[in-house]
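Working notes, beginning with the structure itself.
What follows draws every value from the coordinates through simple rules; no lab data is involved. Because the structure is a prediction, the values reported are computed rather than measured. Methodologically, a virtual Cβ is constructed for each residue, glycine included, from the backbone with ideal geometry; neighbour enumeration extends over all protein chains shown.
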Amino acid sequence: MASSDRGKRLSVETRKFILARKSDGLSVQRIKSELKKCLLIDVSRQTIYNIVSHGSLVRRRSTNGGNATKIRPVHMRFLNIWLSKNNELTSKDIVDKLRSTFGVGISHGYARIIRRKLGWMKSTGKYCQLISNKNKAARKAWCCDAWHRRDTFEDVIFCDESSIEMNSNGRLFFHRERSAGFSKTTTKRSKPKHSYKVNVWAGISYRGRTPICIFTGIMDSVIFQQILQDNLLPFVQREFIDGFRLYQDNDSKHNSRSTQEWMRQVGILDTVMKTPASSPDLNPIENVWASLKLHLQTKVKPKRKEDLVRGIQEFWKSLTPESCRKYIEHIHKVIPHVILNNGDPTDF
């Protein structure tokens, strides 16, 4: 009965036998048969192939230091410089630059390892608004003032408008692989060229949410004033008899002469807070819009206009004062980061 080579090292004599038969022109399968017939050893074809490929009598040991011994501190310093200049370098780029600059060859996997050791972590390409130096200074000053005053924002109504596009596809989905002929299902999902879109305006506060206004078309100063008349003022009269502050961005229709005059006439001009430009991360309702859009994509999946409008209304009705407070309390996490970043964008 032939013995198996699994888990055992082949002797030098067996390796010589394999190499000799290979020099005679025998195939791997023929060598396997000869070993079993002459030496009563059952050797796998992969083992025979490895021996004849290396042409060595002694098995080569792979050391993990093969890559490590090639990489010196000077290489690590240069790699850090390269990544500082271009933080989008892939492992292939790193391998190519090390080879062309120092003549050092490493694997792509080891390139990723040393990149992590240097503290460079992979991150998705999230984009943020470009902020001018003037607006950075204004952002930092606004946050420093709120920090020193220990503003709780309990009397603030955070308002904003947003556009919502009808989309029945979520961000994440699963599919089953099919290997039978040409029946493979594509992972691409169809999307209409021109999706139905609506605009929404609303506000949140520690005392709850304002009514939400759903409309189409472009909002100008007149339409904006009518929205405030129908949605903001009744909410204020009901929930903020003791006074409030209004937080909104610096959109032109918010600060137009017509709007300023209208606000003066209805008595809310003095309640408008002076807010820094280019600061969506300082308005908690932006996170509400993100939650609303995710809800529509993953839960409602609207295919008709009516489904989209109904989904928006259902989500808005589900917002309780407690959930509004949680959204607003998020600003207390953002403010320190804006200060530490000197007004630069935050990850929130």
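Observations on the model:
- Dipole-positive endmost among P73, G105, L89 within segment 65-117 (Cβ charges, Cα centre): P73
- Sorted largest first, the spans of the alpha carbon positions of segment 77-151 along the three principal axes are 58, 22, 22 Å.
- Three-way shape call for segment 231-296 based on the alpha-carbon gyration tensor, with the a/c threshold at 1.5: oblate
- Amide H contacts for D42 (H built 1.01 Å from N in the peptide plane; partners 5 or more residues away or on another chain; cut-off under 5 Å): S3, S4, D5.
- ³J(HN,Hα) computed for each position of segment 75-83 - Karplus, 6.51 cos²θ - 1.76 cosθ + 1.60, integer Hz, glycine/proline x: 5, 5, 5, 5, 4, 5, 5, 4, 5
- Shape analysis of segment 3-54 based on the Cα gyration tensor places the equivalent ellipsoid semi-axes at 15, 12, 10 Å, largest first.
- Amide proton proximity set for R245, modelled H, under 5 Å, gap of 5+: V156, I157
- If you model segment 133-340 as an ellipsoid using its alpha carbon gyration tensor, with each semi-axis the square root of five times an eigenvalue, the axes come out at 36, 21, 17 Å, biggest first.
- In a fully extended conformation the segment linking H295 and F78 would gain 73.5 nm over its present Cα-Cα distance, using 0.36 nm per residue.
- Pairs of Cα atoms in segment 65-117 fall into 10 Å distance bins, from 0 up to the last occupied one, in shares of 25, 67, 8 percent.
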